[in-house]
Amino acid sequence: MATVTHDKAVASNRLRSGLLCAALSATAFGLSGPLARGLFDAGWSPAAVVIVRVLLGALVLLPAAVLQLRGDWNLLRRNAGLLAGYGLLAVVTAQLCFFNAVAHMDVAVALLIEYTSPIAVVGYLWLRHRQQPGRATVLGAAIGLIGLVLVLNLTAGTATSPVGIAWAMASMVGGAGYFILSAHAGDQVPGTVLATGGLLIGGLGILIAGLLGVVPLHATTASVTYQDLTVAWWTPLLALGVVTAAISYVTGIAATRLLGSRLASFAALAEVVAAILFSWALLGQAPAPIQLLGGALILTGVVVVRLGEPDHDTTAP
(Lines give C-alpha, C1' and ligand atoms only; values in the text may rest on other atoms or scores of the structure.)
Protein backbone atom coordinates (compact mmCIF):
# COMPACT_ATOMS: atom_id res chain seq x y z
CA MET A 1 0.00 0.00 0.00
CA ALA A 2 2.84 2.35 0.88
CA THR A 3 4.48 1.56 -2.47
CA VAL A 4 1.29 2.43 -4.38
CA THR A 5 0.95 5.71 -2.48
CA HIS A 6 4.59 6.55 -3.17
CA ASP A 7 4.20 5.78 -6.89
CA LYS A 8 1.14 8.03 -7.11
CA ALA A 9 3.01 10.84 -5.37
CA VAL A 10 5.94 10.46 -7.77
CA ALA A 11 3.59 10.46 -10.78
CA SER A 12 1.81 13.56 -9.47
CA ASN A 13 5.10 15.40 -8.94
CA ARG A 14 6.27 14.33 -12.40
CA LEU A 15 3.07 15.65 -13.99
CA ARG A 16 3.26 18.93 -12.07
CA SER A 17 6.92 19.47 -12.95
CA GLY A 18 6.31 18.53 -16.58
CA LEU A 19 3.41 20.95 -16.99
CA LEU A 20 5.44 23.72 -15.34
CA CYS A 21 8.32 23.14 -17.76
CA ALA A 22 5.89 22.98 -20.68
CA ALA A 23 4.30 26.29 -19.65
CA LEU A 24 7.72 27.95 -19.32
CA SER A 25 8.85 26.58 -22.68
CA ALA A 26 5.65 27.65 -24.45
CA THR A 27 5.87 31.13 -22.94
CA ALA A 28 9.50 31.51 -24.00
CA PHE A 29 8.80 30.25 -27.52
CA GLY A 30 5.79 32.55 -27.75
CA LEU A 31 7.99 35.59 -27.14
CA SER A 32 10.15 34.84 -30.18
CA GLY A 33 7.66 35.97 -32.83
CA PRO A 34 6.95 39.47 -31.46
CA LEU A 35 10.66 40.06 -30.74
CA ALA A 36 11.64 38.89 -34.20
CA ARG A 37 8.94 41.04 -35.84
CA GLY A 38 10.67 44.17 -34.58
CA LEU A 39 13.94 43.00 -36.12
CA PHE A 40 12.20 42.17 -39.43
CA ASP A 41 10.74 45.68 -39.55
CA ALA A 42 14.21 47.09 -38.88
CA GLY A 43 15.66 45.29 -41.90
CA TRP A 44 16.73 41.84 -40.67
CA SER A 45 15.93 38.76 -42.73
CA PRO A 46 14.19 35.87 -40.95
CA ALA A 47 17.08 33.48 -41.59
CA ALA A 48 19.60 35.93 -40.12
CA VAL A 49 17.50 36.29 -36.96
CA VAL A 50 17.14 32.52 -36.58
CA ILE A 51 20.88 31.93 -37.05
CA VAL A 52 21.84 34.46 -34.36
CA ARG A 53 19.08 33.17 -32.07
CA VAL A 54 20.01 29.49 -32.12
CA LEU A 55 23.79 29.92 -32.15
CA LEU A 56 23.62 32.39 -29.25
CA GLY A 57 21.37 29.94 -27.39
CA ALA A 58 23.90 27.17 -27.98
CA LEU A 59 26.70 29.41 -26.70
CA VAL A 60 24.74 30.15 -23.51
CA LEU A 61 24.11 26.44 -22.87
CA LEU A 62 27.58 25.23 -23.84
CA PRO A 63 29.25 25.55 -20.37
CA ALA A 64 26.42 23.63 -18.69
CA ALA A 65 26.50 20.98 -21.42
CA VAL A 66 30.25 20.48 -20.98
CA LEU A 67 29.77 20.06 -17.22
CA GLN A 68 26.97 17.53 -17.76
CA LEU A 69 29.16 15.49 -20.11
CA ARG A 70 31.71 15.05 -17.28
CA GLY A 71 34.44 14.26 -19.77
CA ASP A 72 32.44 11.47 -21.46
CA TRP A 73 32.95 12.71 -25.00
CA ASN A 74 32.11 9.24 -26.34
CA LEU A 75 28.52 10.04 -25.33
CA LEU A 76 28.36 12.45 -28.25
CA ARG A 77 29.74 9.84 -30.63
CA ARG A 78 27.32 7.14 -29.45
CA ASN A 79 24.38 9.52 -29.90
CA ALA A 80 25.52 11.37 -33.01
CA GLY A 81 22.40 10.29 -34.88
CA LEU A 82 20.07 11.62 -32.18
CA LEU A 83 21.91 14.97 -32.03
CA ALA A 84 21.99 15.33 -35.81
CA GLY A 85 18.33 14.37 -36.13
CA TYR A 86 17.34 16.84 -33.43
CA GLY A 87 19.30 19.65 -35.05
CA LEU A 88 18.01 18.95 -38.54
CA LEU A 89 14.37 18.27 -37.59
CA ALA A 90 13.67 20.27 -34.42
CA VAL A 91 15.69 23.33 -35.44
CA VAL A 92 16.43 23.49 -39.17
CA THR A 93 13.27 21.88 -40.61
CA ALA A 94 10.84 23.42 -38.13
CA GLN A 95 12.15 26.98 -38.41
CA LEU A 96 13.65 27.23 -41.90
CA CYS A 97 10.62 25.63 -43.57
CA PHE A 98 8.23 27.84 -41.63
CA PHE A 99 9.93 31.03 -42.78
CA ASN A 100 9.93 29.77 -46.37
CA ALA A 101 6.20 29.06 -46.01
CA VAL A 102 5.61 32.61 -44.79
CA ALA A 103 7.32 33.88 -47.95
CA HIS A 104 4.58 32.25 -50.05
CA MET A 105 1.45 32.49 -47.90
CA ASP A 106 -0.25 34.23 -45.00
CA VAL A 107 1.47 33.80 -41.64
CA ALA A 108 -1.73 32.66 -39.91
CA VAL A 109 -2.31 29.85 -42.40
CA ALA A 110 1.33 28.73 -42.12
CA LEU A 111 0.99 28.68 -38.33
CA LEU A 112 -2.21 26.65 -38.53
CA ILE A 113 -0.53 23.99 -40.66
CA GLU A 114 2.63 23.89 -38.52
CA TYR A 115 0.66 23.48 -35.29
CA THR A 116 -1.07 20.35 -36.54
CA SER A 117 2.13 18.59 -35.39
CA PRO A 118 0.37 17.05 -32.32
CA ILE A 119 -1.74 15.01 -34.75
CA ALA A 120 1.46 13.76 -36.38
CA VAL A 121 2.81 12.83 -32.94
CA VAL A 122 -0.35 10.84 -32.12
CA GLY A 123 -0.09 9.10 -35.51
CA TYR A 124 3.56 8.26 -34.95
CA LEU A 125 2.89 6.77 -31.52
CA TRP A 126 0.03 4.76 -32.98
CA LEU A 127 2.04 3.34 -35.89
CA ARG A 128 5.42 2.98 -34.20
CA HIS A 129 4.49 2.05 -30.63
CA ARG A 130 0.91 0.76 -31.13
CA GLN A 131 -0.40 3.47 -28.79
CA GLN A 132 -3.87 3.79 -30.27
CA PRO A 133 -5.41 7.11 -29.17
CA GLY A 134 -8.48 6.81 -26.97
CA ARG A 135 -11.68 8.77 -27.26
CA ALA A 136 -10.52 11.40 -24.77
CA THR A 137 -7.31 11.98 -26.75
CA VAL A 138 -9.20 12.36 -30.02
CA LEU A 139 -11.74 14.68 -28.38
CA GLY A 140 -9.01 16.78 -26.74
CA ALA A 141 -7.18 17.02 -30.06
CA ALA A 142 -10.32 18.24 -31.80
CA ILE A 143 -11.02 20.83 -29.08
CA GLY A 144 -7.42 22.06 -29.14
CA LEU A 145 -7.34 22.42 -32.92
CA ILE A 146 -10.67 24.26 -32.96
CA GLY A 147 -9.23 26.59 -30.33
CA LEU A 148 -6.12 27.04 -32.45
CA VAL A 149 -8.21 28.09 -35.46
CA LEU A 150 -10.04 30.65 -33.29
CA VAL A 151 -6.80 31.99 -31.80
CA LEU A 152 -5.31 32.48 -35.26
CA ASN A 153 -8.53 34.29 -36.24
CA LEU A 154 -8.31 33.28 -39.88
CA THR A 155 -10.32 35.38 -42.30
CA ALA A 156 -12.08 34.23 -45.45
CA GLY A 157 -10.22 34.59 -48.70
CA THR A 158 -6.70 34.27 -47.27
CA ALA A 159 -4.24 33.62 -50.08
CA THR A 160 -2.36 30.32 -50.16
CA SER A 161 -0.09 28.57 -52.64
CA PRO A 162 0.92 24.95 -53.26
CA VAL A 163 4.56 25.85 -52.62
CA GLY A 164 3.70 27.58 -49.34
CA ILE A 165 1.57 24.64 -48.19
CA ALA A 166 4.41 22.24 -48.96
CA TRP A 167 6.87 24.32 -46.88
CA ALA A 168 4.36 24.58 -44.01
CA MET A 169 3.77 20.81 -44.05
CA ALA A 170 7.52 20.31 -43.85
CA SER A 171 7.66 22.63 -40.83
CA MET A 172 4.91 20.54 -39.23
CA VAL A 173 7.09 17.45 -39.66
CA GLY A 174 9.94 19.31 -37.98
CA GLY A 175 7.66 20.28 -35.09
CA ALA A 176 6.57 16.68 -34.61
CA GLY A 177 10.22 15.60 -34.70
CA TYR A 178 10.97 18.10 -31.93
CA PHE A 179 8.55 16.40 -29.53
CA ILE A 180 9.35 12.82 -30.54
CA LEU A 181 13.15 13.23 -30.34
CA SER A 182 12.95 15.31 -27.15
CA ALA A 183 11.21 12.40 -25.43
CA HIS A 184 14.11 10.06 -26.10
CA ALA A 185 16.98 9.85 -23.63
CA GLY A 186 19.24 8.12 -26.16
CA ASP A 187 22.30 6.79 -24.34
CA GLN A 188 21.31 8.87 -21.31
CA VAL A 189 21.88 12.17 -23.13
CA PRO A 190 21.24 15.07 -20.70
CA GLY A 191 18.64 17.55 -21.91
CA THR A 192 21.10 20.44 -21.96
CA VAL A 193 23.54 18.42 -24.09
CA LEU A 194 20.77 17.52 -26.54
CA ALA A 195 19.60 21.14 -26.77
CA THR A 196 23.13 22.50 -27.20
CA GLY A 197 24.09 19.99 -29.87
CA GLY A 198 20.80 20.49 -31.71
CA LEU A 199 21.08 24.27 -31.68
CA LEU A 200 24.68 24.17 -32.92
CA ILE A 201 23.86 21.77 -35.74
CA GLY A 202 20.67 23.66 -36.57
CA GLY A 203 22.30 27.09 -36.56
CA LEU A 204 25.13 25.94 -38.80
CA GLY A 205 22.62 24.19 -41.07
CA ILE A 206 20.56 27.34 -41.55
CA LEU A 207 23.75 29.37 -42.07
CA ILE A 208 24.80 27.00 -44.86
CA ALA A 209 21.31 27.24 -46.37
CA GLY A 210 21.61 31.03 -46.34
CA LEU A 211 25.05 30.98 -47.92
CA LEU A 212 23.70 28.69 -50.64
CA GLY A 213 20.90 31.17 -51.34
CA VAL A 214 18.03 29.01 -50.08
CA VAL A 215 16.97 31.93 -47.83
CA PRO A 216 18.13 35.56 -47.91
CA LEU A 217 20.66 36.75 -45.33
CA HIS A 218 20.82 40.42 -44.39
CA ALA A 219 21.06 42.37 -41.13
CA THR A 220 21.31 45.94 -39.87
CA THR A 221 22.44 47.86 -36.78
CA ALA A 222 19.43 50.18 -36.87
CA SER A 223 17.40 50.61 -33.69
CA VAL A 224 14.43 48.31 -33.22
CA THR A 225 11.02 49.83 -32.44
CA TYR A 226 8.17 48.17 -30.56
CA GLN A 227 5.03 49.76 -29.17
CA ASP A 228 6.16 52.96 -27.40
CA LEU A 229 9.66 51.47 -27.04
CA THR A 230 12.85 51.76 -29.07
CA VAL A 231 15.88 49.63 -28.22
CA ALA A 232 19.32 48.88 -29.63
CA TRP A 233 19.44 46.08 -32.23
CA TRP A 234 21.33 43.71 -29.92
CA THR A 235 18.71 43.83 -27.14
CA PRO A 236 16.02 41.68 -28.83
CA LEU A 237 18.74 39.41 -30.23
CA LEU A 238 20.04 38.78 -26.71
CA ALA A 239 16.53 37.99 -25.48
CA LEU A 240 15.93 35.72 -28.48
CA GLY A 241 19.12 33.75 -27.80
CA VAL A 242 18.87 33.45 -24.02
CA VAL A 243 15.10 33.25 -23.46
CA THR A 244 13.51 31.95 -26.65
CA ALA A 245 16.31 29.53 -27.58
CA ALA A 246 18.36 28.42 -24.54
CA ILE A 247 15.57 28.43 -21.95
CA SER A 248 12.77 27.34 -24.29
CA TYR A 249 14.58 24.32 -25.75
CA VAL A 250 15.93 23.05 -22.42
CA THR A 251 12.58 23.35 -20.65
CA GLY A 252 10.81 21.90 -23.68
CA ILE A 253 13.02 18.81 -23.62
CA ALA A 254 12.49 18.46 -19.87
CA ALA A 255 8.71 18.76 -20.29
CA THR A 256 8.61 16.15 -23.04
CA ARG A 257 10.67 13.67 -21.04
CA LEU A 258 8.41 14.16 -18.02
CA LEU A 259 5.08 14.13 -19.86
CA GLY A 260 5.75 12.04 -22.93
CA SER A 261 5.71 13.38 -26.46
CA ARG A 262 1.93 13.22 -26.93
CA LEU A 263 0.82 15.28 -23.93
CA ALA A 264 3.78 17.66 -24.29
CA SER A 265 2.92 18.36 -27.93
CA PHE A 266 -0.62 19.42 -26.99
CA ALA A 267 0.57 21.44 -23.98
CA ALA A 268 2.86 23.33 -26.37
CA LEU A 269 -0.22 24.72 -28.16
CA ALA A 270 -0.23 27.26 -25.33
CA GLU A 271 2.64 28.89 -27.23
CA VAL A 272 0.11 30.37 -29.63
CA VAL A 273 -1.75 31.96 -26.73
CA ALA A 274 1.53 33.34 -25.35
CA ALA A 275 2.42 34.74 -28.78
CA ILE A 276 -0.92 36.54 -28.96
CA LEU A 277 -0.39 38.13 -25.52
CA PHE A 278 3.19 39.18 -26.27
CA SER A 279 2.09 40.64 -29.60
CA TRP A 280 -0.48 42.66 -27.69
CA ALA A 281 2.15 43.98 -25.25
CA LEU A 282 5.01 44.62 -27.70
CA LEU A 283 3.28 45.32 -31.00
CA GLY A 284 -0.09 46.68 -29.91
CA GLN A 285 -1.96 43.84 -31.61
CA ALA A 286 -4.85 43.38 -29.17
CA PRO A 287 -6.48 39.93 -29.26
CA ALA A 288 -10.08 39.75 -30.40
CA PRO A 289 -12.71 38.11 -28.17
CA ILE A 290 -12.76 35.10 -30.49
CA GLN A 291 -9.01 34.65 -29.89
CA LEU A 292 -9.51 34.65 -26.13
CA LEU A 293 -12.19 31.99 -26.58
CA GLY A 294 -9.76 30.00 -28.68
CA GLY A 295 -7.12 30.19 -25.95
CA ALA A 296 -9.59 28.79 -23.44
CA LEU A 297 -10.42 25.92 -25.82
CA ILE A 298 -6.72 25.12 -26.29
CA LEU A 299 -6.23 24.80 -22.53
CA THR A 300 -9.41 22.70 -22.31
CA GLY A 301 -8.10 20.43 -25.04
CA VAL A 302 -4.82 19.89 -23.15
CA VAL A 303 -6.75 18.87 -20.03
CA VAL A 304 -8.91 16.43 -22.01
CA VAL A 305 -5.84 14.91 -23.69
CA ARG A 306 -4.30 14.42 -20.27
CA LEU A 307 -7.40 12.53 -19.13
CA GLY A 308 -6.98 10.23 -22.13
CA GLU A 309 -3.27 9.61 -21.59
CA PRO A 310 -2.16 6.00 -20.98
CA ASP A 311 -0.40 5.22 -17.74
CA HIS A 312 2.82 4.63 -19.66
CA ASP A 313 4.26 6.43 -22.66
CA THR A 314 6.84 4.28 -24.40
CA THR A 315 8.62 7.32 -25.77
CA ALA A 316 9.41 8.61 -22.30
CA PRO A 317 12.56 7.34 -20.53
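Overview of values
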read-out	value
Enumeration of residues in region 260-294 that are part of a helix (DSSP H, G or I) and within 26 Å of Arg14 (Cβ to Cβ)	Ser261, Arg262, Leu263, Ala264, Ser265, Phe266, Ala267, Ala270, Glu271, Val272, Val273, Ala274
Residue count, region 58-74 (criterion: modelled with pLDDT of 90 or more and either small (Gly, Ala, Ser) or surrounded by 13 or more Cβ atoms within 10 Å (Cβ to Cβ) (or both))	8
Looking only at region 127-141, and only at residues there that are more than 14 Å from Leu263 (Cα to Cα) and in contact (Cβ under 8 Å) with a residue 12 or more places away in the chain, the one that is surrounded by the most Cβ atoms within 10 Å (Cβ to Cβ)	His129
Unmet criterion (only one of (1) at pLDDT 75 or above; (2) in contact with a Gly (Cβ under 7 Å, 6 or more places away or on another chain); (3) under 24 Å from Val215 (Cβ atoms)) for Leu82	(3)
Residue satisfying condition, being more than 30 Å from Ala286 (Cβ to Cβ), at pLDDT 85 or above and either aromatic (Phe, Trp, Tyr) or not in a loop (DSSP other than H, G, I, E, B) (or both), within set Gly175, Gly210	Gly210
Residue check for Pro236: in contact with a helix residue (DSSP H, G or I) (Cβ under 6 Å, 6 or more places away or on another chain) and not in a helix (DSSP H, G or I)	no
Looking only at region 300-317, and only at residues there that are at pLDDT below 75 and in a helix (DSSP H, G or I), the one that is nearest to the chain's Cα centre (by Cα)	Val302
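Quick grid of which residues meet (1) crowded, with 21+ Cβ neighbours inside 10 Å; (2) modelled with pLDDT under 80; (3) of a type in the set (A, V, I, L, M, F, W, C):
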residue	(1), (2), (3)
Ser248	yes, no, no
Val272	yes, yes, yes
Leu282	no, no, yes
Ala288	no, yes, yes
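The values are calculated or read from the model by the stated rules, or taken from the named source; none is laboratory data. Note that the structure is predicted; figures quoted are calculated from it, not measured. Cβ: placed from backbone, ideal geometry, glycine included. Neighbour counts: every protein chain shown.
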